[in-house]
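Enquirer: For reference, the structure I am asking about is given below.
The values are calculated or read from the model by the stated rules, or taken from the named source; none is laboratory data. This structure is a prediction, so every number in the text was calculated from the model and none was measured. Here Cβ is always computed from backbone atoms with ideal geometry, including for glycine, and neighbour counts include all displayed protein chains. The area values use the complete protein model at the heavy-atom level, side chains included, leaving out ligands, DNA and RNA. Shrake-Rupley method; radii C 1.70, N 1.55, O 1.52, S 1.80 Å.
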Amino acid sequence: MREEIDELGEWIDGLRLIISVLIAEMPNRYEVMAKLQKAEALARQRNLPTGVLQELADLRGALDDM
């Protein structure tokens, strides 16, 4: 079970990287990043599960690194 969870985590990391690269190459990337920030704020207001908030924060972090 632990191996499957680790494998899913690796898949998620890979997908996050792909999404980050695609967004970074978009001509309106700053608008997209602003919308991600807004989505994160809305998720916090609506008390969405921590995993959703973490994924949004991780995606924004990956974009910041690019």
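Enquirer: Tell me which of these Asp64 doesn't satisfy, since it passes every other one: (1) within 13 Å of the chain's Cα centre (by Cα); (2) without any contact (Cβ under 8 Å) to a residue 12 or more places away in the chain; (3) open to solvent by less than 50 Å² (accessible area, probe 1.4 Å).
Expert: Asp64 satisfies every listed condition except (3).
Enquirer: For the subset of segment 31-48 comprising residues that are modelled with pLDDT of 80 or more and in contact with a helix residue (DSSP H, G or I) (Cβ under 9 Å, 6 or more places away or on another chain), which member is most open to solvent (accessible area, probe 1.4 Å)? Before you say what the answer is, go through the steps one by one.
Expert: Filtering segment 31-48 for residues modelled with pLDDT of 80 or more gives 31-47.
Next, from what is left, pick out any that are in contact with a helix residue (DSSP H, G or I) (Cβ under 9 Å, 6 or more places away or on another chain): 32-33, 36-37, 39-40, 43-44.
Numbers: Val32: 32, Met33: 46, Leu36: 26, Gln37: 98, Ala39: 41, Glu40: 14, Ala43: 3, Arg44: 130 Å².
So the residue we want is Arg44.
Enquirer: What tally of residues in segment 49-61 results from selecting those that are surrounded by 10 or more Cβ atoms within 10 Å (Cβ to Cβ) and without any contact (Cβ under 8 Å) to a residue 40 or more places away in the chain?
Expert: 7
Enquirer: Let me ask something else about it. So in segment 8-30, with the set limited to residues that are open to solvent by less than 100 Å² (accessible area, probe 1.4 Å) and not hydrophobic (A, V, I, L, M, F, W, C), which one is farthest from Ala57 (Cα to Cα)?
Expert: Filtering segment 8-30 for residues that are open to solvent by less than 100 Å² (accessible area, probe 1.4 Å) and not hydrophobic (A, V, I, L, M, F, W, C), the one farthest from Ala57 (Cα to Cα) comes out as Asn28.
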